[in-house]
1. Considering only segment 185-241, how many residues are crowded, with 21+ Cβ neighbours inside 10 Å and free of Cβ contacts under 8 Å to residues at least 24 places away in the same chain?
2. Going through 185, 178 one at a time, which residue ends up being under 14 Å from residue 142 (Cα atoms) and more than 18 Å from the chain's Cα centre (by Cα)?
3. Within segment 20-57, track down each residue that is more than 20 Å from the chain's Cα centre (by Cα) and over 24 Å from residue 114 (Cβ atoms).
4. Please find, within segment 80-117, the residue that is surrounded by the most Cβ atoms within 10 Å (Cβ to Cβ) out of those that are in contact (Cβ under 8 Å) with a residue 40 or more places away in the chain and assigned to a helix (DSSP H, G or I).
């Protein structure tokens, strides 16, 4: 069964406005209701900073800490670090995530953050030494050649973007399906995740291509009834099994 990870990028502005206590955000009741469905495997936090994501900053460290404190006893979390230098962020997250609980906190780093295969492998190994679940992400415009076997084998999860990263609500790219198929066949035991343009149609495309995890954002968060949308996605996946 494909897992659904909920991206909360659409809720970012209000969550950050309530960084000192995200439980006061108008979106927190929706997030909690979605968690209670039991159909969400993780809460996915897209951390963006220039210059990797030009003209866009998303999620302060204070808001991540507050979300961790509010949600970590209810569901695992993931932070997708779309930043040039991820480790200052990782070090600060270490200050509020106890080592014994880090296996339930997934950190995705970008292949584009590093100049070489060796640097990327070292970064993934560092995440493991800190006891985080480690993920590597490849942006859609980046050549698949940069995602080598050594990098994939060192990571716990491979996240493939099916849109150019940096904004929600984009249209799923068929090139993404080709990438999912390629890597899932090359590494059949590896958890392949997909992020970008996932809806009730493209989630099946991604699943058929070999993805095991779907990061779903705007299709759920912009729907009139997010709970019903999640339940519908789960039913679609179940019927396709």
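Quick note: the coordinates plus some simple rules give every number you see, no bench work behind them. A quick note: this is a predicted structure, and the numbers were derived from the prediction, not measured. In this analysis, Cβ positions are derived from the backbone assuming ideal geometry, glycine residues included, and neighbour counts consider all displayed protein chains.
1. Of the residues in segment 185-241, 1 are crowded, with 21+ Cβ neighbours inside 10 Å and free of Cβ contacts under 8 Å to residues at least 24 places away in the same chain.
2. When all the criteria are applied, what remains is 178.
3. 20, 21, 23, 24, 25, 26, 29
4. Step one: filter segment 80-117 for residues in contact (Cβ under 8 Å) with a residue 40 or more places away in the chain, giving 80, 82, 89-90, 106, 108, 110-113.
Keeping just the survivors that are assigned to a helix (DSSP H, G or I) gives 89-90, 111-113.
Working: 89: 19, 90: 19, 111: 21, 112: 17, 113: 19.
Checking each candidate, the answer is 111.
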